[in-house]
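Asker: Have a look at this one before I ask anything.
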Amino acid sequence: MPVSKSKPATTAKPKTKATLESKLAKLGLRNDMDLVLHLPMRYEDETRITPIQQAGFMGGNVAQVEGVVTECDIQYRPRRQLVVTIADDSGQLVMRFLNFYGSQVKQLAVGTRVRARGEVRHGFFGAEVVHPTYKVVEEGAPLPTALTPVYPAGEGLSQAYLRKAIGNALTRVDWRDTLSPELLAALKLQAFEPSIKLLHNPPSDIDEHALMERSHPAWIRMKFDELLAQQLSLKRAQAARRAKGASALPVIGELSNAFLATLPFQLTGAQQRVLEEIRADLRASYPMQRLLQGDVGSGKTVVAALAAAQAIDSGFQAALMAPTEILAEQHFRKIAMWMEPLGVRVAWLTGSLKKKEKEASQAMIESGEAHLIIGTHALIQEGVEFGKLGLVIVDEQHRFGVGQRLALRNKGLDPTTAQTVPHQLMMSATPIPRTLAMTYYADLEVSVIDELPPGRTPIVTRIIDQNRRDEVIERVHAAALEGRQVYWVCPLIEESEALQLQTATDTHATLSAALPDLRVGLVHGRMKPVDKQLVMDAFIRAEVHVLVATTVIEVGVDVPNASLMVIEHAERFGLSQLHQLRGRVGRGSAASICLLLYQSPLGQVAKQRLMTMRETTDGFEIARRDLEIRGPGEFLGARQSGQAMLRFADLETDQWLVEKARDLAQSLLHQDAATVEAHLARWLGGREEFLKV
Ligand code: ADP
Ligand code: MG
């Protein structure tokens, strides 16, 4: 919509104060300081006027021109539009408005002088601009001396209104700096007031590049303040968690010891170390909040089971939640196989259970008869009550939203006091880059399993053109005859689930036909859980040689005898997804191979991804490159990334500031409560609840 500064008063309906206030509130602007901290997203240079002729040759760049209206017509071809011609000494310019008000026709009468701004193009009939912003001016009206800020605005809030509201707020706020001059000097930061004022009204001779890139010292100060507020707030949330009670789970007794003794393998050094970290946390009477990170296949499950054993030894229940039914079922079987002989009652709860079975499970969970409860999202549904939940474990935690994780934790709230929460152990094979760990995950302890169980042979990855599919099928055949089992992963088709299903069924049919002497199975997301399980079981028992699968096998599936994986249209998958998929092989002692089929021509990014897969199997290295290719915003999804709470700072380019802010937050929290309060009040106001995740 064309924004003319004189227009709203005449054409827009008068807005009541209340509606404007609610629109500001939608942007999070509740008080003067919020307005002051509402900084421009960009600037427009209205300090200069370009002669029309010159503007016509600027190739679509934004220019500001001034001229007198020589023609003003409504035309109907090709569609109704207002066409206004203005002229200065150098030439003339057509302004075209496809949407306009009747009042504008009057306002732009012949002889009127206007200042217009927009992308001037050299059109068929000379210089032309579509939907310029403009205003009517007197001859010789002064030009602004500062760049004009453009603010993030919600619907129904004009730039003019925001500028005015912010301008007023600038005269009213308390400008006291939250950081002392000594601190500012030590951190080489600029003072608050001049920084803010400069960002709202930058002088026309400013280093525009630094301003736009947000590398100007004034921006640096804002970013630092914002990051400091975030760090302070996260650290306080951590302190609040510690102030909450949890039931201590101090007993490492009969079950834990018997379990370790009957395990068919020795824990690796890394597993041993993280187990000790978890054991120490569980002994405390404030809730553990620990992230257990370890590459695919590093053996997180057994560590989780040992944590559960400690809870059970201490007289409490433990719950394990997994993101898919296949994975939950696999955990259930494996852990039940380990623990049931030792007298542990394991309950199973997923959405696909029949009503009767579900009720039976729920009764066991509520009475406390079940020691260990394993399931999917069904665990957090209403009606599921735990008798005495002491520990919750969330597998593949990045697959769950914050709300779902909290819901499981809240299942263990002591209903009488609401003060005791269960200990939490989260597991993930997606390593979190350092900057993200320091921001969003600041309230987590992190344990890392950085060693794979012994005897694994590395996976060899090959990149192969899709048109050599026949050769690949030959290889699959040969491998199966040697007793290896094969995953054949179908292409991801994001646009259409139906199409993806179709592809999976087609692939299953062609492979079955091409390999008549082999058993080819099919598993996809739309199958009933029981059917899925039948196929998985047959694969686990090695009755199926080749398993055609969609990405349902992406997380957690563990069939050690599978040692060849084919991924079709590998170029369509993301890096971490490829890594997860590939992690399904290389779990046994046989040398494993992963064949990435691609459709040429490959784009630059896809090529980079496939090369990365060929070069390394190290999940941390892959995550690092993924971050490089994608940037942190996308890395974990905006909601999880911590970037979501940041308006100015960028976790990638401003890492050095994150570190400074974290260090200062630490020392302020110990030494200077007044500064902490002042800083949080200024930057977060009442919004701190957003951060308590
Ligand atoms: P992830 O960390 O990907 O969840 P899992 O817990 O599924 O990995 O473990 C992968 C496989 O390695 C499983 O078959 C598991 O039983 C086995 N495993 C785990 N720890 C060890 C160990 N210390 N020695 C040998 N095998 C192990
Ligand atoms: Mg796992």
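Asker: Considering only segment 127-143, state which residues are part of a loop (DSSP other than H, G, I, E, B) and open to solvent by 50 Å² or more (accessible area, probe 1.4 Å).
Answerer: If the condition is that a residue be part of a loop (DSSP other than H, G, I, E, B) and open to solvent by 50 Å² or more (accessible area, probe 1.4 Å), then 131, 138, 139, 140, 142, 143 are the ones that fit.
Asker: Out of 559, 523, I need the residue that is more than 16 Å from ligand 1 (Cβ to nearest atom) and under 35 Å from the mean Cα position of the chain (by Cα). Which one? Show your work before the answer.
Answerer: Numbers: 559 fails: more than 16 Å from ligand 1 (Cβ to nearest atom).
Within the list 559, 523, the selection yields 523.
Asker: Output yes when any residue across segment 28-38 is of a type in the set (Asp, Glu), at pLDDT 85 or above and on the phi < 0 side of the Ramachandran plot, and no when none is.
Answerer: yes
Asker: Moving on to the next point. Taking residue 259 as meeting all but one of (1) open to solvent by 30 Å² or more (accessible area, probe 1.4 Å); (2) under 30 Å from residue 341 (Cβ atoms), write down the number of the exception.
Answerer: So the condition that residue 259 fails would be (1).
Asker: Can I ask one more? In this structure, does residue 87 turn out to be open to solvent by less than 60 Å² (accessible area, probe 1.4 Å) and in contact with a helix residue (DSSP H, G or I) (Cβ under 8 Å, 6 or more places away or on another chain)?
Answerer: yes
Asker: Restricting to segment 363-404, count the residues that are within 16 Å of ligand 1 (Cβ to nearest atom) and of a type in the set (S, T, N, Q).
Answerer: Residues that pass the stated criteria total 1.
Asker: Another question, if that's okay. Residues in segment 292-301: is at least one within 10 Å of ligand 1 (Cβ to nearest atom), outside the structural domain of residue 583 (by TED's automatic domain parsing) and among the aliphatic types (A, V, I, L, M)?
Answerer: yes
Asker: Now a separate question. Out of the residues in segment 267-304 that are at pLDDT below 95 and over 31 Å from the mean Cα position of the chain (by Cα), which is nearest to ligand 2 (Cβ to nearest atom)?
Answerer: The qualifying residue nearest to ligand 2 (Cβ to nearest atom) is 284.
Asker: Return the total of residues in segment 535-556 being at pLDDT 90 or above and within 27 Å of the chain's Cα centre (by Cα).
Answerer: 1
Asker: May I pose another question? Does residue 273 satisfy the condition of being farther than 27 Å from residue 347 by Cβ and in a helix (DSSP H, G or I)?
Answerer: Yes; evaluated as a whole, the condition is true for this residue.
Asker: Related question: Which of the following residues is away from ligand 2 (no atom under 13 Å from the Cβ), in contact (Cβ under 8 Å) with a residue 24 or more places away in the chain and either under 28 Å from residue 537 (Cβ atoms) or surrounded by fewer than 23 Cβ atoms within 10 Å (Cβ to Cβ) (or both): 328, 322, 308, 360?
Answerer: 308
Asker: Under 8 Å between Cβ atoms, which residue pairs at least 6 apart in sequence (or on different chains) link something in segment 545-562 that is more than 12 Å from residue 486 (Cβ to Cβ) and open to solvent by 10 Å² or more (accessible area, probe 1.4 Å) with a partner that is modelled with pLDDT under 70 and within 13 Å of ligand 1 (Cβ to nearest atom)?
Answerer: From segment 545-562, no pairs qualify.
Asker: Take the residues of segment 563-583 that are among the small types (Gly, Ala, Ser) and either within 15 Å of ligand 2 (Cβ to nearest atom) or open to solvent by 10 Å² or more (accessible area, probe 1.4 Å) (or both): which is farthest from residue 540 (Cα to Cα)?
Answerer: Ranking the qualifying residues of segment 563-583, first place goes to 574.
Asker: Then there is this: Residues to consider are 312, 335; find the one that is touching a Leu at 6+ places or on another chain (Cβ under 9 Å) and either away from ligand 1 (no atom under 16 Å from the Cβ) or modelled with pLDDT of 95 or more (or both).
Answerer: Within the list 312, 335, the selection yields 312.
Asker: Hey, another quick one. Any idea which of 661, 638 is at pLDDT 90 or above and either touching a helix residue (DSSP H, G or I) at 6+ places or on another chain (Cβ under 6 Å) or open to solvent by 60 Å² or more (accessible area, probe 1.4 Å) (or both)?
Answerer: 661
Asker: Next question. Take residue 316 and decide whether it is touching a strand residue (DSSP E or B) at 6+ places or on another chain (Cβ under 8 Å), under 27 Å from residue 552 (Cα atoms) and among the aromatic types (Phe, Trp, Tyr).
Answerer: Values: touching a strand residue (DSSP E or B) at 6+ places or on another chain (Cβ under 8 Å): yes; under 27 Å from residue 552 (Cα atoms): no; among the aromatic types (Phe, Trp, Tyr): yes.
Here the answer is no, as residue 316 does not meet what is asked.
Asker: Conditions: (1) part of a helix (DSSP H, G or I); (2) within 16 Å of ligand 2 (Cβ to nearest atom). Residue 586 meets all but one. Number of the miss?
Answerer: It fails just one condition, (1).
Asker: Quick check on residue 542: is it within 25 Å of residue 617 (Cα to Cα) and assigned to a loop (DSSP other than H, G, I, E, B)?
Answerer: In short, no.
Asker: If a residue must be crowded, with 23+ Cβ neighbours inside 10 Å and part of a helix (DSSP H, G or I), how many such residues does segment 282-303 contain?
Answerer: 3
Let's see how each residue does on (1) outside the structural domain of residue 297 (by TED's automatic domain parsing); (2) modelled with pLDDT of 90 or more; (3) among the charged types (D, E, K, R):
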residue	(1), (2), (3)
329	no, no, yes
361	no, yes, no
386	no, yes, no
404	no, no, no
411	no, no, yes
419	no, no, no
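Asker: Okay, next question. So which helices (runs of 4 or more DSSP H) stay within segment 148-223 end to end and still have 2 or more residues that are crowded, with 18+ Cβ neighbours inside 10 Å?
Answerer: 159-172, 192-200
Asker: Please work out which residue is nearest to residue 505 (Cα to Cα), limiting yourself to segment 533-543 and to residues that are surrounded by fewer than 24 Cβ atoms within 10 Å (Cβ to Cβ) and away from ligand 2 (no atom under 16 Å from the Cβ).
Answerer: Filtering segment 533-543 for residues that are surrounded by fewer than 24 Cβ atoms within 10 Å (Cβ to Cβ) and away from ligand 2 (no atom under 16 Å from the Cβ), the one nearest to residue 505 (Cα to Cα) comes out as 535.
Asker: Which of (1) in a helix (DSSP H, G or I); (2) closer than 16 Å to residue 530 by Cβ; (3) over 31 Å from the mean Cα position of the chain (by Cα) does residue 359 not meet, given it meets every other one?
Answerer: Every listed condition holds for residue 359 apart from (2).
Asker: While we're looking at this one, here's another question. For residue 347, all conditions in the list (1) open to solvent by less than 30 Å² (accessible area, probe 1.4 Å); (2) outside any helix (DSSP H, G or I); (3) in contact (Cβ under 8 Å) with a residue 40 or more places away in the chain hold save one; what is the number of the exception?
Answerer: Among (1) open to solvent by less than 30 Å² (accessible area, probe 1.4 Å); (2) outside any helix (DSSP H, G or I); (3) in contact (Cβ under 8 Å) with a residue 40 or more places away in the chain, the lone unmet condition for residue 347 is (3).
Asker: Give me the residue from segment 375-409 that is open to solvent by 30 Å² or more (accessible area, probe 1.4 Å) and within 16 Å of ligand 2 (Cβ to nearest atom) and, out of that set, farthest from residue 352 (Cα to Cα).
Answerer: Only one residue tops the list, namely 398.
Asker: A follow-up question, please. Inspect segment 491-512 for any residue being in contact with a helix residue (DSSP H, G or I) (Cβ under 6 Å, 6 or more places away or on another chain), away from ligand 2 (no atom under 16 Å from the Cβ), assigned to a loop (DSSP other than H, G, I, E, B) and modelled with pLDDT of 90 or more and give the result as yes or no.
Answerer: Scanning segment 491-512 turns up no residue that is in contact with a helix residue (DSSP H, G or I) (Cβ under 6 Å, 6 or more places away or on another chain), away from ligand 2 (no atom under 16 Å from the Cβ), assigned to a loop (DSSP other than H, G, I, E, B) and modelled with pLDDT of 90 or more.
Asker: Condition first: assigned to a loop (DSSP other than H, G, I, E, B) and modelled with pLDDT of 95 or more. Can you find one or more residues in segment 526-534 that meet it?
Answerer: Looking through segment 526-534, none of the residues is assigned to a loop (DSSP other than H, G, I, E, B) and modelled with pLDDT of 95 or more.
Asker: Let me ask something else. When the residues of segment 44-73 are filtered to those that are touching a strand residue (DSSP E or B) at 6+ places or on another chain (Cβ under 6 Å) and at pLDDT below 90, which remaining residue is most open to solvent (accessible area, probe 1.4 Å)?
Answerer: 62
Asker: Does residue 578 satisfy the criteria of being closer than 19 Å to residue 397 by Cα, touching a helix residue (DSSP H, G or I) at 6+ places or on another chain (Cβ under 6 Å) and not charged (D, E, K, R)?
Answerer: Answer is yes for this residue.
The values are calculated or read from the model by the stated rules, or taken from the named source; none is laboratory data. Source: prediction; values computed, not measured. Note: ideal-geometry Cβ built from the backbone for every residue, glycine included; neighbour counts use all protein chains shown. Side chains included, ligands, DNA and RNA excluded: accessible areas come from the protein's heavy atoms. Shrake-Rupley method; radii C 1.70, N 1.55, O 1.52, S 1.80 Å.
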